[in-house]
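All remarks here apply to the structure that follows.
The values are calculated or read from the model by the stated rules, or taken from the named source; none is laboratory data. All values derive from a computational prediction rather than experimental measurement. Ideal geometry is used to build each Cβ from the backbone, glycine not excepted, and the neighbour counts take in all protein chains shown. Heads up: the accessible areas ignore ligands, DNA and RNA and are worked out on the full protein's heavy atoms, side chains in. Shrake-Rupley method; radii C 1.70, N 1.55, O 1.52, S 1.80 Å.
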Amino acid sequence: EGDAVVGNPNYLVSNIQGHADNLGEVPSYLIEGKSGLSTIQSILQGLALPAPLVTTGQAIAGYEDAGEVIGLSEPVSTPNGSIAFVATLQARDGAQRQSVWRKLVAGVEPRPLAIEGQQVPGASPGVTYRSFGAPTINMIGQVVFPAILNHGYGIDSRNDFAYFVGEPNRVVRRM
């Protein structure tokens, strides 16, 4: 704490969050940085030369309608550097949406697996993701995550809950 945030030298680290499970060969962790009244969050990977993977305020390449990242969860990772985390996105119109992200290996940018409001794979038309729980990564590299589903206007779906698996090729399917 107190060091400059990697990639954002005007911010000083005020909080670091990481599980012991994430501290394998390529550790990953969530940091918060402050500059005056402004706060940023960033997921970093590595210790000696930490690399920022995603930072609040960052636009999302290929997902222009999603806008930018405004919040991040503590990541889960594997010893080989695979990472999964939940990010909150804010669209240009101010709407906020949760999303589940993954990064497979070094040199590959993190990408969303599922975004709130997207059609659920294999479900009836109009069934979309509403919110997500914490993801995990299993022994064969699949990202497993829980989601609450939305069935559209007028249908009570508070208890419609399912687990999904994101394959290494980013194909998502219901478990």
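For the reader, a short list of remarks on this structure follows.
- Accessible-area composition of the chain, carbon plus sulfur, in percent [1.4 Å probe]: 54 percent
- Here the peptides 26-33, 115-122, 127-134, 44-51 are ranked by packing, the mean other Cβ count within 10 Å, and the order with the highest first is 26-33, 127-134, 115-122, 44-51.
- Highest to lowest packing among 137-145, 167-175, scored as the average C-beta count within 10 Å: 137-145, 167-175
- The residues of the chain have, on average, 53 Å² of accessible surface per residue, using a 1.4 Å probe with all protein chains present.
- Per-residue SASA entry for Ser124, accessible area with 1.4 Å probe, Å² rounded to 10: 70 Å²
- Rounded to the nearest angstrom and listed largest first, the equivalent-ellipsoid semi-axes of the chain from its Cα gyration tensor are 28, 20, 13.
- The relative contact order of the chain, computed from alpha carbon pairs under 8 Å that lie at least 6 residues apart in sequence, is 12 percent.
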